[in-house]
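What follows is a short report on a single structure.
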Amino acid sequence: MSYNTLSDTQLTDLLHGGEEGAFDEIYKRYWKVIYNQAYKRVKDAEIAEDIVQDVFADLWVKKAKRSIECLGSYLASATRYQVFMLYKKNSKLPFFEKPLEFTPRSELFADSVYEVKELKHCINEWMSLQPEKRREVFRLKFMEDKSTSEVSEILNISQKTVQNQFIISIHSLRSTLSKLLIMILLLVMR
């Protein structure tokens, strides 16, 4: 059987049945993508290779238990999970979080927490005023960190529509927040 001509869905179905050839083809298609995602997060080639092996070992071991609808998304999530488990196991924070641990808290910390809550409230209010599709695109892409293709699949719209709606929503949000900031500055200056 020529596995390289099969779709991801067909390979997933064969994998579910224990087909080693399907697993090998999935590995060939996705190992580099998984490696790049892992390396981007851990910045260490050897650790990234270990994560790739863990992701694919877990895929093989749990092949009969998993119901995988979108193979690429599943493997990306499994990679993020393996990175998280690595940090948890080693009790290490990712490189981008370390400086935050030593950041001194200002006297205005309570105010800044309040300001963050207010900003979130403003964003939620802005979202409620957006058309339904644009609101969903923004929520999935910005708040749930989904890729353009994932949002496209979830909402059953084209990737170009997702990109356009996201760009429009970002411009709209930026404009709304700019106006709000100007109003706040005018009130403070009184």
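The values are calculated or read from the model by the stated rules, or taken from the named source; none is laboratory data. What you see is a predicted model, and the numbers here were worked out from it, not measured in a lab. For neighbour counting, all protein chains shown are included, and Cβ atoms are generated from backbone atoms with ideal geometry for every residue, glycine included.
Can you tell me which residue among V61, V113 is among the β-branched types (V, I, T) and at pLDDT below 85?
Checking each option against the conditions leaves just V113.
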In the range 53-64, is there at least one residue being part of a helix (DSSP H, G or I), of a type in the set (K, R) and buried (at least 16 other Cβ atoms within 10 Å of the Cβ)? no
Is it the case that the range 152-173 has a residue that's touching a residue at least 60 places away in the same chain (Cβ under 8 Å) and in a helix (DSSP H, G or I)? yes
Before we move on, is D50 surrounded by 14 or more Cβ atoms within 10 Å (Cβ to Cβ), under 23 Å from the mean Cα position of the chain (by Cα) and closer than 24 Å to E150 by Cα? no
Give the residues of the range 4-25 that are among the aliphatic types (A, V, I, L, M) and in contact (Cβ under 8 Å) with a residue 60 or more places away in the chain, sorted by residue number. L11
Can you find, within the range 134-174, the residue that is nearest to L75 (Cα to Cα) among those that are among the basic types (K, R) and out of contact with any helix residue (DSSP H, G or I) (no Cβ under 6 Å at 6 or more places or on another chain)? R139
Restricted to the range 120-154 and to residues being among the polar types (S, T, N, Q) and loosely packed, with under 15 Cβ neighbours inside 10 Å, the residue nearest to the chain's Cα centre (by Cα) is S149
Search result, residues across the range 9-31 that are surrounded by fewer than 19 Cβ atoms within 10 Å (Cβ to Cβ), assigned to a helix (DSSP H, G or I) and not hydrophobic (A, V, I, L, M, F, W, C): T9, Q10, D13, H16, E20, G21, D24, Y27, K28, R29
